[in-house]
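Right, one structure below, let's go through it.
Laboratory data are not the source of any read-out in this text; all were calculated from the coordinates shown. Since this is a predicted model, take the numbers as computed values, not measurements. Note that each Cβ is placed from the backbone with ideal geometry, even for glycine, and that neighbours are counted across all protein chains shown.
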Ligand code: IPD
Ligand code: CA
Ligand code: CA
């Protein structure tokens, strides 16, 4: 792995050419407005970006820049993946808005917005831990989880080939097989996933909460990709997941997938899930978990 910081995308010409080739395939393929059409597009684009991301991983990963802290990196592949996804979506849906982690926001005119994490789990990607994802969602509304209505979402782990998909009211699927959240358990029997901020002070406070939670649950998992954590809840492989400080692109697709799989996905006190808080799992598990998290002072954990 190269940790050398290169401030611009500065990619070799070959990289750009291969992006052009990948986008050419889609030129002139308009997509309809139904949730099924939107989901099919999200899936197709995720699979194309997944090929690129996997190939770049094999070629060797370059850190392009640091973001909010010295451990919050962006790689060339994060940027290339977002450029590719954006171009492919625009070719099929030129009037829709776009909100991705690595580029500028485009509000669009159709009332629909694509919310994209080009690589969720970048630190895993950097270290070649095969647990990262491409996350693509389309919502009615703007890029605000408190007001949007999620229509379709796809989360792909390009290494395992696992594709999680959901559309509003249409159920959730893993590689086309229906999935559902694990049944109710007591919190002491629950396997709970979570994640931490990139800011060291915030992580310290998150760690204090987790330390207390550890004695009250089966165990804790910090897997390193919020989107996949939520998909693990959706497929019954984690009982619950919570995180404070998520960004819209971290959860837009996977929260819909978890909801469609029967999970309750919410913030604190019945609020909609957002950067303030997201707790997902079987309903009674999330209610018990929320009570503990509040007792342990989760609300005092603020960024920075
Ligand atoms: C991060 C991962 C991580 C979560 C962080 C996210 P990134 O996204 O999802 O698991 O704990 O909150 O920022 O930076 O890898 O796209
Ligand atoms: Ca992310
Ligand atoms: Ca990311």
> Extension gain residue 69-residue 123, at 0.36 nm per residue separation less the Cα-Cα distance, in nm?
Replying inline: 18.1 nm
> For segment 187-300, what size does the Cα cloud have along each of its three principal axes, sorted from largest down, in whole Å?
Replying inline: 33, 29, 26
> Reported to two decimal places, what Rg/Rh ratio describes segment 143-248 when computed on Cα atoms with Rh from the Kirkwood expression?
Replying inline: 0.99
> Taking only DSSP H segments of four or more residues, each worth -39500 (n - 2.57), what value at 222 nm results for the chain once the sum is divided by all its residues, to the nearest 500 deg cm²/dmol?
Replying inline: -11500 deg cm²/dmol
> Can you tell which of 287, 279, 115 shows the greatest fluctuation in a Gaussian network model of the chain with Cα springs below 10 Å?
Replying inline: 287
> Suppose R0 equals 25 Å; then what is the FRET efficiency for residue 107 and residue 33 from their Cβ-Cβ distance, rounded to the nearest 0.05?
Replying inline: 0.90
> Working from the pairwise distances between different alpha carbons, so that the mean of 1/r is found and then inverted, what is segment 13-178's Kirkwood radius in Å?
Replying inline: 16.1
> In Å and whole numbers, how far do the C-alpha atoms of the chain stretch along each principal axis, longest first?
Replying inline: 53, 44, 32
> What nm distance separates the two modelled labels at residue 140 and residue 295, each placed 7 Å from Cα along Cα→Cβ?
Replying inline: 4.1
> What whole number of Å gives the distance from the Cα centroid of segment 87-149 to the Cα centroid of segment 173-225?
Replying inline: 24
